[in-house]
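Worksheet: the structure to be examined is printed underneath.
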Amino acid sequence: MAGLVFLAMPLFIIIPLSFTSGQYLFYTPEMLSLDPAGYSAKWYWQVLHDREWILAVKNSLFIGLSAALLSTVLATLAALGLSRAGTPAKGLWTALILLPQIVPIVVTAGGLYSAFSDLKLIGTYTGVIIAHTVLAAPVAVITIRASLERFDWGLVAASATLGAGPFATFRDVTFPLIKPAVIAGAIFSFATSLDEVVVIQFIGAYDQMTIPRQMLIGLREHLSPAILAVATLLVCFAALILVFSEIMRRRGETYTRKTD
């Protein structure tokens, strides 16, 4: 419990400071004395009406959702292949898939920049989405494969015996059982893309400005409380992701027990 409080202490500082009525990142005497005049939601209002922040939000949503969709599809296929008993070189394939999570992000960013330069993908949405997919897919693979560890492959064999094809078996048998894990994998993939700040600096142009990159620029150029407002919104979003993921996990366990 003490460890959780220690980890959450920065939030107790950042969140109230995002409501400051001042212009700088420090607690004013009015805030310390709990004077209502020292608090304001103007920085949240500024974020919602600033052209650069709006562009960053739109880009983050578009890139994040696109990367999450691609990551989830690829991760589901990979997890299904890695979970089958007859898959050859399973350990090698697992290591290769998880490599982007193991290699330092700067090395990955440099490699992507070199590869994308030859493919003329630098400064394009396509390049950024592919890069974020590379980073997010391993997270989805881990989540979906964990669900498949408890999967009864005898159901797939029974479906094939009854005359169902591979697609019908996946649609009617496999996917309903692993759907909570697939949704959780998509959410974590989106969160991974939303939080990425290193690769976007290597391969992204101004048109691909994302929320983390805009926050980094704000920290370098001018320390505005608007950055804390965005950080608070991201914390709330992360909390919602954790709550939703826990709900999906419990639903998945309930569904598995019912099928058993």
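Quick notes
- Here is the figure for the stretch 202-231: residues that are outside any helix (DSSP H, G or I) and either within 20 Å of the chain's Cα centre (by Cα) or aromatic (Phe, Trp, Tyr) (or both) total 3.
- Residues located in the stretch 117-147, provided they are in a helix (DSSP H, G or I), over 20 Å from residue 246 (Cα atoms) and of a type in the set (D, E, K, R): 118
- So residue 182, is it of a type outside the set (Gly, Ala, Ser) and free of Cβ contacts under 8 Å to residues at least 60 places away in the same chain: no
- Within the stretch 1-84, helices (runs of 4 or more DSSP H) holding 2 or more residues that are crowded, with 19+ Cβ neighbours inside 10 Å: 42-49, 51-83
- Taking the stretch 186-206 as the range and being farther than 20 Å from residue 138 by Cβ and surrounded by 12 or more Cβ atoms within 10 Å (Cβ to Cβ) as the test, the residues that pass are 201, 204, 205.
- Among the conditions (1) modelled with pLDDT under 85; (2) part of a helix (DSSP H, G or I), residue 87 misses just one, which is (2).
- Flag not set for residue 183, criterion: crowded, with 21+ Cβ neighbours inside 10 Å, in the same structural domain as residue 72 (by TED's automatic domain parsing) and hydrophobic (A, V, I, L, M, F, W, C).
- Leading residue by the ranking (modelled with the highest pLDDT) among those in the stretch 90-146 that are among the charged types (D, E, K, R) and within 26 Å of residue 187 (Cα to Cα): 145
- Checking each residue in the stretch 49-98 for being within 17 Å of the chain's Cα centre (by Cα) and free of Cβ contacts under 8 Å to residues at least 12 places away in the same chain picks out 58, 61, 73.
- Residue check, residue 150 of a type outside the set (Phe, Trp, Tyr), in a loop (DSSP other than H, G, I, E, B) and modelled with pLDDT under 85: yes
The values are calculated or read from the model by the stated rules, or taken from the named source; none is laboratory data. Predicted, not measured: the structure shown is a model, and the values here were computed from it. Don't worry about glycine lacking a Cβ; one is built from the backbone with ideal geometry, like all the others, and counts go over all protein chains shown.
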